[in-house]
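Notes follow once the structure below has been shown.
The values are calculated or read from the model by the stated rules, or taken from the named source; none is laboratory data. From a predicted model like this one, the values you see are computed outputs, not experimental measurements. Using ideal geometry, Cβ is built from the backbone for each residue, glycine included, and neighbour counts are taken over all protein chains shown. Note: areas computed on protein heavy atoms with side chains; ligands, DNA, RNA excluded. Shrake-Rupley method; radii C 1.70, N 1.55, O 1.52, S 1.80 Å.
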Amino acid sequence: MREQILKAIELNGKRTVEDLALMLGNPESEIAAEISEMEKERIICGYHTLINWDKTGVEKVTALIEVKVTPQRGQGFDKIAERIYNFKEVKAVYLMSGGFDLTVIIEGATMKEVALFVAQKLAPLESVLSTATHFVLKKYKDFGVVLDEPVKDERMAVTP
Amino acid sequence: MMEDKLSRVAQGIPPSGIRKFFDIVTEMKDAISLGVGEPDFDTPWHIREEGIYSLEKGKTYYTSNSGLIELREEVCNYLDRRFDLKYNYKEEILITVGGSEGIDVALRALLNPGDEVLVPEPSFVCYKPMTTLAGGVPVPVPLQAKNEFRLTAEEIEAHVTDKTKAIILAFPSNPTGAIMDKGNLEAIAEVIRKHDLVVISDEIYAELTYGVKHVSIASLPGMRERTIIISGFSKAYAMTGWRIGYAVGPKAVIDLMTKIHQFAIMSVPTTSQYAALEAARNGDKDIQEMCGAYNQRRRFMVDSFRKMGLDCFEPLGAFYVFPSIQKTRMTSEEFATKLLFEQKVAVVPGTAFGECGEGFIRCSYAYSIENLKIAVERMGAFVKKHTP
Ligand SMILES: Cc1ncc(COP(=O)(O)O)c(C=O)c1O
């Protein structure tokens, strides 16, 4: 049942327990219990909203930064990752295979703000060997959703 | 001048009951429709992409009349993999312009003037007109709500005559959502063999069953040799606009169907055949995902209708619910028309699928849950107001 619940809410965090019970055919009480259990276990880590900021007046820039680091004895990459992800500007940190070690996604109000963050906070960290900053110019699709796609039903209204 | 030159047979066919309704709904701007008989999903991208790629590669010529050999082979593999049906791709399959063409050429290949065809109703709208156009005589067999609209041996017996040539079997059913399980099929297979009938089994919704796996009547003993299976890509892969389907059956009838198809159609659009090849090869997972989504909506709809106090058996196939509206004391058509004007929700009157659909409405759940919720809320208010 867990997998079914998760799939049903993955792209729609607003689904009510009542709806889920109807859709999945389980009693509301069971669904509610599973959900709160999964929240406790941090399987469900939040119910965020996917916003296309480009359509608002709010200035926002996103950058993807490739970071090379020296892993620390006994702690591997986890310690340095923690040093980085604790900054509130940092939206995401992933450990990578391949040519660099960490992908760090940063959001700021302006390019300058992001650049300063990299120069003043990220690059000087002791285990950081190098950074390469790539600014996002346009988001086409995020979290599986095509951002600019109008919702439109092109089917004829009644068909056999 | 042209008016008196027209075919009396074609003119004699009553217009589709859906058409009339369609015109009113289209006029109305903010109506919510539950009237659609096709998936709400777009064709999965990897399938569309193969269609595009075939165009880029210049695959713009006719194919062999029966269809691309790779496609025929892949469809036969698919039928074996999913339904344990074994057909020889070299001589027992014809690629058609949707299930629709399959039904047409099957009837034309089978019927001699005056041959009767049993058409269990309520059913999809084309069987009777196509039978008439092929020179046959359609004989409606009314199905009953108390049997959850499954076909019984007694119902066949009651309508068989010495002129009966064939029977149309269309399960999972549009419009009722009914299915026939193996036991149900065994019961009718016996009378079908006894009266030596041919079965045209329209299995276009075979992939959309919930909690039970579809069984084809052709897989029962002694049935393969007398069955033509009609199916296609429209419903399972959300490919209605591509117009592609197929028929499988014994060589003799497929040969004759191919002859008709060769003169009437030549071959199915090549782009669609390449897209369908990808669907049959790599589309099982898409089907599973879409089927899962339909199932959630199905539960939601059945529960909502029951909460409204409408009798509604649990449909186990296709994407339709067929609730009874008898307690409102309206006819299906009255109900559908009033619902449209008062609450702006479009459903299809059961009578569009045969006279015995009176007292029922067809509601499609090929819509998002969000959409269904609004529709069901409005219908609830309507039913409450009109229940004496
Ligand atoms: C039962 C049934 N058979 C056949 C068809 C025709 O499908 P297509 O010609 O798109 O394959 C439909 C379409 O609504 C249907 O509901």
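Points worth noting:
- Those residues of the range B:347-380 which are more than 22 Å from residue B:20 (Cα to Cα) and β-branched (Val, Ile, Thr), in sequence order: B:369, B:374, B:376
- Of the residues making up the range B:158-199, those that are of a type in the set (Val, Ile, Thr) and either surrounded by fewer than 21 Cβ atoms within 10 Å (Cβ to Cβ) or over 17 Å from residue B:122 (Cβ atoms) (or both) number 8.
- Lone qualifier among B:164, B:152 - being of a type in the set (Ser, Thr, Tyr) and free of Cβ contacts under 8 Å to residues at least 40 places away in the same chain: B:152
- For the range B:216-253, the set of residues classified as open to solvent by 50 Å² or more (accessible area, probe 1.4 Å), in contact with a Pro (Cβ under 9 Å, 6 or more places away or on another chain) and within 16 Å of the ligand (Cβ to nearest atom) consists of B:242, B:243, listed by residue number.
- Hits in the range A:67-88 - residues which are outside any loop (DSSP other than H, G, I, E, B), open to solvent by less than 60 Å² (accessible area, probe 1.4 Å) and either closer than 27 Å to residue A:136 by Cβ or not assigned by TED's automatic domain parsing to the domain that holds residue A:106 (or both): A:67, A:69, A:80, A:81, A:84
- Scope the range B:1-42; condition more than 7 Å from chain A (Cβ to nearest Cβ) and touching a Pro at 6+ places or on another chain (Cβ under 6 Å); matching residues: B:13
- None of B:333, B:342, B:358 is more than 13 Å from chain A (Cβ to nearest Cβ) and in contact with a strand residue (DSSP E or B) (Cβ under 7 Å, 6 or more places away or on another chain) except B:333.
- Reported count of residues in the range B:111-141, each being under 11 Å from residue B:200 (Cβ atoms) and open to solvent by 30 Å² or more (accessible area, probe 1.4 Å), is 1.
- Conditions (1) in contact (Cβ under 8 Å) with a residue 40 or more places away in the chain; (2) farther than 25 Å from residue B:209 by Cα; (3) more than 14 Å from chain A (Cβ to nearest Cβ); (4) within 15 Å of the ligand (Cβ to nearest atom): number failed by residue B:131: (1)
- Only one entry of B:78, B:87, B:61 meets the criterion of being open to solvent by 30 Å² or more (accessible area, probe 1.4 Å) and hydroxyl-bearing (Ser, Thr, Tyr), and that entry is B:61.
- Looking only at the range B:187-215, residues that are away from the ligand (no atom under 16 Å from the Cβ) and either assigned to a helix (DSSP H, G or I) or within 14 Å of chain A (Cβ to nearest Cβ) (or both) come to 10 in all.
- Odd one out for residue A:92, checked against (1) exposed (fewer than 14 other Cβ atoms within 10 Å of the Cβ); (2) farther than 26 Å from residue A:9 by Cα; (3) of a type outside the set (D, E, K, R): (2)
- Residues of the range A:3-62 that turn out to be within 14 Å of chain B (Cβ to nearest Cβ) and either of a type in the set (Phe, Trp, Tyr) or part of a loop (DSSP other than H, G, I, E, B) (or both), as a count: 9
- Boolean, residue B:75 is more than 14 Å from every other protein chain (Cβ to nearest Cβ) and touching a residue at least 40 places away in the same chain (Cβ under 8 Å): yes
- Residue B:145 meets the conditions (1) closer than 24 Å to residue B:36 by Cα; (2) within 17 Å of the chain's Cα centre (by Cα) in every case but one. The failed one is (2).
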